[in-house]
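The values are calculated or read from the model by the stated rules, or taken from the named source; none is laboratory data. Here the structure is a predicted model, which is why all the values come from computation and not from measurement. Side chains included, ligands, DNA and RNA excluded: accessible areas come from the protein's heavy atoms. Shrake-Rupley method; radii C 1.70, N 1.55, O 1.52, S 1.80 Å.
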Amino acid sequence: MSGRIIGARLVQSMVHFECLDEKLANRLEFLAAEPEMSQLPEVTHKIGTTKVHKSFYDFRHPYEGSAGTCDHLLNRAHKILRDLMIAEAPNCPVIHGASVVANGKRFLLMAEKRVGKTTLSLKCLAHGLTVEGDEHVVVRSSDVVARPRTLRVKQSSVSVVPEMAQQIQRSPSVAEWHGDLIYSVTPRLAGQKWTITPGQAHALVFLTANHGGMTSIKFLTANEAFERLAKTVYLPENGRAAALGRLRMLVSGAQRIEMRLGCLEKALWHLRQLSHA
């Protein structure tokens, strides 16, 4: 094979995309994710590729489907990784959120699109906080664990961390429909290890937009937090009652905060203050 293998770690397993040429490998590199984790992968999924036309590719059995360009295969690979993540945690709710650790305490950041979850995570990373992931957090029976995935940083967000701009712009990227780039940014770019450790969620932080304004926080009741959390979570098809019970336990055991996100420096200050509480 003249190409190379792109590795993408999941919580319990490893995925190897066996790219048959460098063109495809360069595109699937956007998905590369190999953090340090306490648990070795239980299994490695080897996903081969084939060329069906001069510029069209497909995955090999059992992942074959509609052939297409490198970008098309990248979109399909995203779905493969998501489905494998769900399959290896069949009874677990999965939160759409970032996992950030400050002073040994884990904050789960949740927000609707364009509020600034990833931008805040990037700011945290640049200032020495540990960012485990910015997309999915699996809620297990006795702990939570972030899905290993790089930060997906929009071109417009690079300016918030000028000290990392050149490194980010050298990261794998894809273009949005209007031409702006999205970068796949490993937490290692900030000069620290990328480590994901299962453990307790100390705080649930629900971000709302206050662009151009100040950042402020307020504390939520358990019922308020549960209602908001339910809007950001994927529930398994089976065992939904048990999954909801896990979410109730998660809410009752953590600080519950609404953060109106404006000034990023102030948001970072709040997270540091909360980490010492």
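Side notes on the structure shown:
- Each 10 Å bin from 0 upward holds the following percent of the Cα-Cα pairs of the stretch 1-70: 21, 50, 24, 5, 0.
- Of all beta bridges that DSSP places with both ends in the stretch 131-277, some 70 percent have antiparallel geometry.
- Heavy-atom surface of the chain, accessible at 1.4 Å and reported per residue (Å²): 47
- Separation of the alpha carbons by more than 20 angstrom is noted, of 105/193; 117/231; 23/113; 54/154, for 23/113; 54/154.
- Alpha-carbon Debye profile of the stretch 202-273, log10 I(q)/I(0) at 0.14, 0.17 Å⁻¹: -0.50, -0.67
- nm² value of the averaged projected area, convex hull over the Cα atoms of the stretch 92-154: 4.3
- Percent RCO, i.e. relative contact order, over the stretch 118-277, from Cα pairs under 8 Å lying at least 6 residues apart: 24
- On Cα atoms only, tilt of 70-87 relative to the major axis of the chain in degrees: 50
- Phi angles across the stretch 207-224 convert, under the Karplus curve 6.51 cos²θ - 1.76 cosθ + 1.60 with θ = phi - 60°, into 3J(HN,Hα) values of 8, 10, 7, 9, 4, x, x, 7, 9, 9, 10, 8, 8, 10, 6, 4, 5, 4 Hz, Gly and Pro given as x.
- Annotation: the antiparallel percentage among DSSP beta bridges lying fully within the stretch 1-114 is about 65.
- For the chain, the relative contact order comes to 19 percent (Cα pairs under 8 Å, sequence separation of at least 6).
- Principal-axis analysis of the Cα atoms of the chain puts helix 240-252 at an angle of about 50° to the longest axis.
- Over the C-alpha trace of the chain, radius of gyration and Dmax come out as 19.0, 59 angstrom.
- Projected-area average for the stretch 118-231 over all orientations - Cα convex hull basis, square nanometres: 8.8
- Relative to the 2.2 N^0.38 Å rule of thumb, the stretch 42-187 has a C-alpha radius of gyration ratio of 1.17.
- Antiparallel DSSP beta bridges within the chain, as percent of all bridges there, nearest 5: 65
- Protein heavy-atom surface of the chain, 1.4 angstrom probe: 51% of the accessible area is carbon and sulfur, with nucleic acids and ligands not counted.
- In the frame of its principal axes, the stretch 7-114 has Cα extents of 51, 35, 26 Å, reported largest first.
- In order along the stretch 184-194, the Karplus-derived 3J(HN,Hα) couplings, from 6.51 cos²θ - 1.76 cosθ + 1.60 at θ = phi - 60°, round to 9, 10, 6, x, 5, 4, 7, x, 10, 5, 9 Hz, and Gly and Pro are given as x.
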